[in-house]
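Novice: First the structure, which I've put down as structure tokens, then a few questions once you've had a look.
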């Protein structure tokens, strides 16, 4: 499967010994990465982390541990990797300043700059991980907000840029720019925040992409353990094969969500909303018929949204293209594919009251999961996980990601934490006010 750059189909016929001279229709295929230089970096809010000060002139702070110290164990199950081939990177905000953890346990703070062109960070901010089968332990010495732990099979190059006020904006790798300088590096991350006030929150997120496979476990000081197993070791390949097959079925560019490295192998999968940001016409019209049928179905018979906070809301369209929900200060026009995949634009831009803020996640999740026209779908959320993604159209990226999660846990779109009362939460969040350590399993779960 790996060698095919494009997937094609053709309708051929033989009439009186002649081949029908109709053109071959070429279906969208995987996206080849072509890593470039600084000039190829695309800066967005998704791949930058900004300070609230003007930076610390490249200062490295000491290694002393604080009351916010957190132990992180990295278990390397990535087949065939040698010591130092895999690297970890810890980024986030320390006291509101952008910082990167160095191998000696100190923080590196990128300096302020007025440059609009990304500047390469030349300091070594890689934390080498041991060979396959080993566990490497590191300590995050202080509380950290807006944190991410990246793990890469190889080395990530980091950059900083003017954040608009002379402070440093840390430029992270981009998952949906095939010409990003780090495009040919197999990397992944998990998000976390650890503060004195709120404790620790961590999650494996596939909202933007699927890359290097990781699992995550949180141990608390009272001996409790929370675990999200993550994806199977061959998940990227398996997901891409399913997406290529889906493109062959419906003609939409699911296959193009997959990126192949310069070696021809699948390296990551971009989420559809992120892909649309690079090709505005992708998936155009994909949900239109379904949404029209939903709006027609609830013309008179109401769709009940259980806000799980401020009571039920009754939603009807009265035969129009606009849905009105009781309690909400806004109305909901029929969303586009981009609105649905991203859950944050068009009618899903939250700018109303508390009802609106509760209706948007539940309505958008129901369309992604294609549950609104199922039996029982007139009360949202209510249906079990087994009913998600059972009919087309739906968010096949999310469907295939969840099918490859070893425990079904991990965000695959923005409101994947929408859960019926008493139902199964598939977000994969790990939360505690008494965290002791995090364990990252890279390359798939430990099987022995």
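What follows is calculated from the coordinates using simple rules that are stated; it is not laboratory data. Quantities reported herein were computed from a predicted structural model and do not represent experimental measurements. In this analysis, Cβ positions are derived from the backbone assuming ideal geometry, glycine residues included, and neighbour counts consider all displayed protein chains.
Novice: Along its three principal axes, how long is the stretch 73-153 when you only count alpha carbons? Whole Å, largest extent first please.
Specialist: Principal-axis extents of the Cα atoms in the stretch 73-153, largest first: 43, 28, 19 Å.
Novice: Follow-up question, since we're still on this one. State, as an integer percentage, the relative contact order of the chain based on alpha-carbon contacts under 8 Å between residues 6 or more apart.
Specialist: It comes to 18 percent, rounded to a whole number.
Novice: Same structure again: Rg(Cα) of the stretch 288-392 divided by 2.2 N^0.38 Å?
Specialist: Working: Rg = 12.3 Å, N = 105, 2.2 N^0.38 = 12.9 Å.
This ratio for the stretch 288-392 stands at 0.96.
Novice: Run the simple label-point estimate for residue 390 and residue 354 please: 7 Å along Cα→C-beta, distance reported in nm.
Specialist: That separation, rounded to one decimal, is 3.4 nm.
Novice: Sort 438, 138 so that the residue with the fewest other Cβ atoms within 10 Å of its own Cβ comes first and the one with the most comes last.
Specialist: Values: 438 22, 138 18.
In increasing order of surrounding Cβ atoms, one gets 138, 438.
Novice: So if R0 is 45 Å, what FRET efficiency would residue 82 and residue 333 give, r being the distance between their Cβ atoms, rounded to the nearest 0.05?
Specialist: On the way: r = 55 Å, r/R0 = 1.22.
Computed FRET efficiency for residue 82 and residue 333 comes out at 0.25.
Novice: At 25 °C and 0.890 mPa s, what whole-number value in µm²/s does Stokes-Einstein give for the translational diffusion of the stretch 199-280, with Rh from the Kirkwood sum over Cα pairs? Please list the in-between numbers first.
Specialist: Values: Rh = 14.6 Å.
Value of D from the Cα-based Kirkwood radius: 168 µm²/s.
Novice: To the nearest 0.05, how large is the calculated FRET efficiency for residue 314 and residue 250 if R₀ is 25 Å and r is the Cβ-Cβ distance? Before the final figure, lay out the partial values.
Specialist: Values: r = 33 Å, r/R0 = 1.34.
It comes to 0.15.
Novice: Would you mind getting me the FRET efficiency between residue 115 and residue 40? Use the beta-carbon distance for r and R0 = 22 Å, nearest 0.05. Could you put the intermediate results ahead of the total?
Specialist: Details: r = 16 Å, r/R0 = 0.75.
Computed FRET efficiency for residue 115 and residue 40: 0.85.
Novice: Helix 354-369 against the longest principal axis of the chain: what's the angle in degrees, Cα atoms only, rounded to the nearest 10?
Specialist: 70
Novice: Angle check, please: helix 235-250 long axis (alpha carbons) against the longest principal axis of the chain (alpha carbons), in degrees 0 to 90, nearest 10.
Specialist: It is inclined by approximately 20 degrees.
Novice: Can I ask one more? Hey, could you get me the Stokes-Einstein D for the stretch 262-313, Kirkwood radius over alpha-carbon pairs, 4 °C and 1.567 mPa s, rounded to whole µm² s⁻¹? Don't skip to the answer; put the middle values down first.
Specialist: Numbers: Rh = 15.0 Å.
Value of D from the Cα-based Kirkwood radius: 87 µm²/s.
Novice: As a footprinting exposure proxy, order 369, 362, 148 by other Cβ within 10 Å, with the fewest listed first. Don't skip to the answer; put the middle values down first.
Specialist: Values: 369 28, 362 20, 148 17.
Starting with the residue having the fewest Cβ neighbours, the order is 148, 362, 369.
Novice: Shifting gears a bit: Relative to the longest principal axis of the C-alpha atoms of the chain, give the angle of the C-alpha long axis of helix 288-297, reported between 0 and 90° and rounded to the nearest 10°.
Specialist: 70
Novice: At 7 Å along Cα-to-Cβ for each site, give me the label-to-label distance between residue 195 and residue 288 in nm.
Specialist: Taking the two extended label points, one gets 4.4 nm.
Novice: At 222 nm, what helix-only mean residue ellipticity would the chain give, in deg cm²/dmol to the nearest 500, using -39500 (n - 2.57) for each DSSP H run of four or more?
Specialist: Details: 6 runs with 62 residues, N = 448.
Calculated at 222 nm, the ellipticity per residue is -4000 deg cm²/dmol.
Novice: To continue, here is another question. Between the stretch 309-384 and the stretch 78-154, what is the separation of their alpha carbon centroids in Å?
Specialist: Taking the Cα centre of each part, the stretch 309-384 and the stretch 78-154 sit 40 Å apart.
Novice: Which value in nm describes the separation of the simple spin-label points at residue 280 and residue 137, placed 7 Å from the Cα toward the beta carbon?
Specialist: The modelled label-to-label distance comes out at 5.4 nm.
Novice: For the stretch 110-267, evaluate the Debye formula with one uniform point scatterer on each Cα (no solvent term) and list log10 I(q)/I(0) at q = 0.16, 0.17 Å⁻¹, rounded to two decimals.
Specialist: -1.14, -1.23
Novice: Which semi-axes, in whole Å and largest first, does the equivalent ellipsoid of the chain have when worked out from the alpha carbon gyration tensor as the square roots of 5 times its eigenvalues? Present the calculation step by step, with values, prior to reporting the outcome.
Specialist: Values: eigenvalues 280, 169, 94 Å².
Over the Cα atoms of the chain, the ellipsoid semi-axes are 37, 29, 22 Å.
Novice: Based on Cα coordinates alone, diagonalise the gyration tensor for the stretch 302-341, multiply each eigenvalue by 5, take square roots, and list the semi-axes in whole Å, largest first. Don't skip to the answer; put the middle values down first.
Specialist: Numbers: eigenvalues 71, 37, 15 Å².
One finds semi-axes of 19, 14, 9 Å for the stretch 302-341.
Novice: Can you tell me, using C-alpha contacts under 8 Å and at least 6 residues apart, the relative contact order of the stretch 288-392 as a whole percent?
Specialist: Values: 175 pairs, mean separation 24.0, N = 105.
Dividing the mean separation by the residue count of the stretch 288-392 yields 23 percent.
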